[in-house]
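*Asks:* One structure is given below, represented as structure tokens, and several questions about it will come after.
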Amino acid sequence: QQWYSNSMKVICMWLADRLDLQLHIYQLKTLIKIVKVCKMYFRLQGVLEGTLNSKTYDTVHSRLTVEEATVSVTDAGGLQGITMKDSDE
């Protein structure tokens, strides 16, 4: 649980440092993959949903969703099917 929480905190802090900057398409694609895989693996390891869906995760998820929406408007094929929505299912 601590490893997952710390991983989300690091990503959240990194995004907060770049709050006024739009992420590059490759940064966005990589972060979406990292967050999705991280959550999936820790869920499989038995980490509780309360920990997985923490306030930090919600902040990361919101930021990546906004960035994803921005890219989908400005660059039609940029994300090539990689979305944050998949991590919710």
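*Asks:* Does S87 meet the test of being under 11 Å from the mean Cα position of the chain (by Cα) and at pLDDT 90 or above?
*Replies:* Taking the combined requirement at face value, the residue does not satisfy it.
*Asks:* Further, regarding this structure: Given the conditions (1) open to solvent by 70 Å² or more (accessible area, probe 1.4 Å); (2) touching a Leu at 6+ places or on another chain (Cβ under 6 Å), report the number of the one that R63 does not fulfil.
*Replies:* Only one criterion in (1) open to solvent by 70 Å² or more (accessible area, probe 1.4 Å); (2) touching a Leu at 6+ places or on another chain (Cβ under 6 Å) is unmet by R63, namely (1).
*Asks:* Look through M13, M8, M40 and report the one residue that is surrounded by 14 or more Cβ atoms within 10 Å (Cβ to Cβ), part of a helix (DSSP H, G or I) and modelled with pLDDT of 90 or more.
*Replies:* Details: M13 fails: surrounded by 14 or more Cβ atoms within 10 Å (Cβ to Cβ); M40 fails: surrounded by 14 or more Cβ atoms within 10 Å (Cβ to Cβ).
Just a single option satisfies the conditions, and that option is M8.
The values are calculated or read from the model by the stated rules, or taken from the named source; none is laboratory data. Keep in mind it's a predicted model, so treat the numbers as computed, not measured. Cβ coordinates were reconstructed from backbone atoms using ideal geometry, including for glycine residues, and neighbour counts include every protein chain displayed. Remember, those area values only see protein heavy atoms, side chains included, never the ligands or the DNA or RNA. Shrake-Rupley method; radii C 1.70, N 1.55, O 1.52, S 1.80 Å.
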